[in-house]
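Engineer: This is the structure I have questions about; it appears just below.
The values are calculated or read from the model by the stated rules, or taken from the named source; none is laboratory data. Model, not experiment: these values are computed from the prediction. Here the Cβ positions follow ideal geometry from the backbone for every residue, glycine too, while neighbour counts run over all protein chains shown. The accessibility values were calculated without ligands, DNA or RNA, using every heavy atom of the protein model including side chains. Shrake-Rupley method; radii C 1.70, N 1.55, O 1.52, S 1.80 Å.
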Amino acid sequence: MTAATRQEQLATIFKSATVIPVLTIERLEDAVPLARALVAGGVRVLEVTLRTPVAADAAKAMIADVPEAIVGIGTILNADDLARARALGAKFGISPGATPELLKAAAASDLPFAPGIATASELMQALAAGFDIVKFFPAEQSGGIKALRALAGPFPNIRVCPTGGIGEANAATWLAEPNVVAVGGSWLCPAAEIRSGNWAGITAMCARTMKSLKPA
Ligand code: 3PG
């Protein structure tokens, strides 16, 4: 696969998503019902973060049992994490930041990948490695939409998925920015709702969000 094809695959996934829930899964048994609840609410593109011991197995279970979900891996911190994501069948990878080692590994991999950036220098490193679709993280805390607009001056062709501080109240404002292809965040899957198995509540929140952000 060429780098351009890999990038376009990622763009297609992000555009189809509109919203990407950032999932932190503590118990393996929550993985499949959670993915089903999200899909039932119209949220199909999921980021499973490598932040818990069960994360990789959780992603594997979702991929096996919920084929309607498009499962990616987040919190990729190094080349080993990237290889793990690829091996378990993830459709894409996302990192909160980037190191030269990770960018090099991602450029050599055919896994669609969005490196995290928060500054012009980080963005320049991502672009130099061939990545023009980036995660802007932490978006609100790094200057919000004003910062994104400032970056769009020297870098008009970037495509961005902001995460960090995004929720129901400001997701639409971010999505109205011309270079924002999707928004990500943890607000659709609060830890308490997962812990209590409130799958119907998660489905309802997703359906409400998707209806307001992506009217049919
Ligand atoms: C992350 O990768 O941790 C996301 O940006 C989540 O941020 P949020 O919890 O503010 O949505």
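Engineer: Would you check the accessible area of residue 65, probe 1.4 Å, heavy atoms only, in square angstrom rounded to 10?
Structural biologist: 80
Engineer: Let me ask something else. How large is ³J(HN,Hα), in whole Hz, for each residue of region 135-147 in order, when computed from phi with the Karplus curve 6.51 cos²θ - 1.76 cosθ + 1.60 and θ = phi - 60°, using x for Gly and Pro?
Structural biologist: For region 135-147, the Karplus-derived couplings read 8, 8, 9, x, 4, 5, 6, 8, x, x, 5, 4, 5 Hz, x marking Gly and Pro.
Engineer: Ignoring ligands, DNA and RNA, what percent of the accessible area of region 42-141 is carbon or sulfur (1.4 Å)?
Structural biologist: With neighbouring chains kept in place, the figure for region 42-141 is 56 percent.
Engineer: Sticking with this one: Simple spin-label model, 7 Å along Cα-to-Cβ: residue 141 to residue 128 in nm?
Structural biologist: About 2.6 nm separates the two model spin labels.
Engineer: Lys/Arg Cβ at +1, Asp/Glu Cβ at -1, dipole of region 3-211 taken about the Cα centre: which of 192, 138, 108 is farthest positive-ward?
Structural biologist: Highest projection toward the positive end goes to 138.
Engineer: Show me, bin by bin at 10 Å from 0, the whole-percent P(r) of the chain based on Cα pairs.
Structural biologist: All Cα pairs considered, the percentages come to 9, 37, 38, 15, 1.
Engineer: Next question, about the same structure. With +1 on the Cβ of every Lys and Arg and -1 on the Cβ of every Asp and Glu, and nothing else charged, how large is the dipole of region 3-211 about its Cα centre, in debye rounded to the nearest 20?
Structural biologist: Its charge dipole is roughly 300 debye.
Engineer: Same structure, new question: Full extension from residue 107 to residue 121: what is 0.36 nm times the residue separation minus their Cα-Cα distance, to one decimal in nm?
Structural biologist: Separation in residues times 0.36 nm, less the Cα-Cα distance, equals 3.2 nm.
Engineer: I need the calculated FRET efficiency for the pair residue 191 and residue 40, taking r as the beta carbon distance and R₀ as 25 Å, to the nearest 0.05.
Structural biologist: Using R0 = 25 Å, I get an efficiency of 0.80.
Engineer: What GluC sites (Glu not before Pro) does region 1-42 have in DSSP loop regions with at most 15 other beta carbons within 10 Å? If you can, show how the numbers build up before the last one.
Structural biologist: Numbers: sites: 8, 26, 29; in loops: 26.
Taking region 1-42 and a limit of 15 other Cβ atoms within 10 Å, the loop GluC sites (Glu not before Pro) found are 26.
Engineer: Could you list, in their original order, any pairs among 15/60; 146/211; 104/146; 60/135; 15/91 whose Cα atoms are separated by more than 25 Å? Intermediate values should be presented prior to the final figure.
Structural biologist: Working: 15/60 23 Å; 146/211 27 Å; 104/146 30 Å; 60/135 23 Å; 15/91 14 Å.
Flagged as over cut-off: 146/211; 104/146.
Engineer: Would you list which aspartates and glutamates come within 18 Å of residue 214, measuring only between C-alpha atoms, while excluding same-chain residues fewer than 8 positions from it?
Structural biologist: Leaving aside aspartates and glutamates fewer than 8 places away in the same chain, those within reach of residue 214 are 168, 177.
Engineer: So what is the relative contact order for region 1-67, in percent, with contacts set as C-alpha pairs under 8 Å and at least six apart?
Structural biologist: Dividing the mean separation by the residue count of region 1-67 yields 37 percent.
Engineer: Could you give the size of the charge dipole of region 37-145 about its Cα centre, using +1 on the Cβ of each K and R and -1 on the Cβ of each D and E, expressed in debye and rounded to the nearest 20?
Structural biologist: 100
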